[in-house]
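Reading through the structure tokens given below for one structure.
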Amino acid sequence: MALIVFDWDGVLYRGVKVKLRAFGQACREKASLPSRYAVERYWEGGRNNFEVFEREYREYFGRQPPENLAKQMQARYSELLKGRIEKAGLFKEVKTALAGLAEDGHTLAISSSANPESIASLLAANGIRYHFNEVLGTTTKKRAFTKGKPHLSHLQQKFGVPASKIVFVGDAPEDMRVGKEFGAITVGRRGTCSEEKLRAAGARHTVSNLHELRRLVRRLE
């Protein structure tokens, strides 16, 4: 049986577009970074909003961002999401697909750059928290403990699973890069980014929904 690690937004939850709009607006308001620039270059690298913002700021202005500016941007971003992210909803197949994967005996976990309290609230509201053995997010206080090697190392140690038995499901090129570097089986969910971009970044497989993922995992066993 596999340890299947899901990203949250773009894989289980349809929050990517809402979050990108909020990120672009927060960058414009707090750092005078054009919203369109911030959104279009979001997927060029970075495991979380802090890393993406700091990279984009350096690229656009040619210097490091002032101290605490990333935290100010993130605080504004969180404000903008209130009342919006709850309306995005799960992808339609998520509940039945998760039930099937759990029935097959797999260990399920979430690794996300989103705030863990927000994820926990949305999991509870949608009635799917019980499917997951571990839910990991990213906070301003623990920026280094984020999606990628930090989370995957924690999960590997907790569940005693070799990297080669971890299926890491993401929707962005950075997910595929960090999963490949860790030695996990990388699966890209098409939609946020094209199959071409996911493959180029290191996706071993791609799927269009989680029912396809369940069939894929069965073939891999």
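Taking Leu123 as the residue in question, decide whether it is at pLDDT 95 or above, buried (at least 17 other Cβ atoms within 10 Å of the Cβ) and in contact with a Gly (Cβ under 8 Å, 6 or more places away or on another chain).
Taking the combined requirement at face value, the residue does not satisfy it.
How many of the residues making up the range 68-99 are in a helix (DSSP H, G or I), surrounded by fewer than 18 Cβ atoms within 10 Å (Cβ to Cβ) and touching a strand residue (DSSP E or B) at 6+ places or on another chain (Cβ under 9 Å)?
So the answer is 0.
Tally up the residues in the range 1-19 that are more than 13 Å from the chain's Cα centre (by Cα) and buried (at least 16 other Cβ atoms within 10 Å of the Cβ), please.
Number of matching residues: 4.
Looking at (1) modelled with pLDDT of 95 or more; (2) under 25 Å from Met176 (Cα atoms), which is the one condition that is false for Asn48?
Asn48 satisfies every listed condition except (1).
Going through Ala38, Ala102 one at a time, which residue ends up being closer than 26 Å to Gly179 by Cα, at pLDDT 95 or above, assigned by TED's automatic domain parsing to the domain that holds Gly170 and crowded, with 16+ Cβ neighbours inside 10 Å?
Result: Ala102 is the single residue among Ala38, Ala102 that is closer than 26 Å to Gly179 by Cα, at pLDDT 95 or above, assigned by TED's automatic domain parsing to the domain that holds Gly170 and crowded, with 16+ Cβ neighbours inside 10 Å.
Exactly one of these conditions fails for Lys142: (1) basic (Lys, Arg); (2) modelled with pLDDT under 95; (3) crowded, with 18+ Cβ neighbours inside 10 Å. Give me its number.
(3)
How many residues are closer than 19 Å to Thr192 by Cα, under 16 Å from the mean Cα position of the chain (by Cα) and outside any loop (DSSP other than H, G, I, E, B) when one looks only at the range 40-50?
4
At least 3 residues that are at pLDDT 95 or above and under 16 Å from Arg47 (Cα atoms) in each: list the helices (runs of 4 or more DSSP H) lying fully within the range 172-221 that qualify.
Answer list for the range 172-221: 173-182.
Give Gly127, Gly148, Gly137, Gly191 a once-over and let me know the one that is closer than 17 Å to Ile4 by Cβ and of a type in the set (Gly, Ala, Ser).
Just a single option satisfies the conditions, and that option is Gly148.
Suppose the filter is closer than 30 Å to Leu210 by Cβ and in contact with a Leu (Cβ under 6 Å, 6 or more places away or on another chain); does Ala22 pass it?
Against the criterion (closer than 30 Å to Leu210 by Cβ and in contact with a Leu (Cβ under 6 Å, 6 or more places away or on another chain)), Ala22 qualifies.
How many of the residues making up the range 65-116 are in contact with a Leu (Cβ under 8 Å, 6 or more places away or on another chain) and of a type in the set (Asp, Glu)?
Adding up the residues that qualify gives 2.
Yes or no: the range 144-161 includes at least one residue that is closer than 24 Å to Val39 by Cα, over 14 Å from the mean Cα position of the chain (by Cα) and without any contact (Cβ under 8 Å) to a residue 12 or more places away in the chain.
Scanning the range 144-161, I find at least one residue that is closer than 24 Å to Val39 by Cα, over 14 Å from the mean Cα position of the chain (by Cα) and without any contact (Cβ under 8 Å) to a residue 12 or more places away in the chain, so the answer is yes.
Please go through the range 100-128 and pick out each residue that is among the hydroxyl-bearing types (Ser, Thr, Tyr) and either touching a Ser or Thr at 6+ places or on another chain (Cβ under 8 Å) or part of a loop (DSSP other than H, G, I, E, B) (or both).
Ser112, Ser113
The values are calculated or read from the model by the stated rules, or taken from the named source; none is laboratory data. Computed from a prediction, not measured in an experiment: that's the story for all the values here. Positions of Cβ are backbone-derived with ideal geometry, glycine not excepted, and every protein chain shown enters the neighbour counts.
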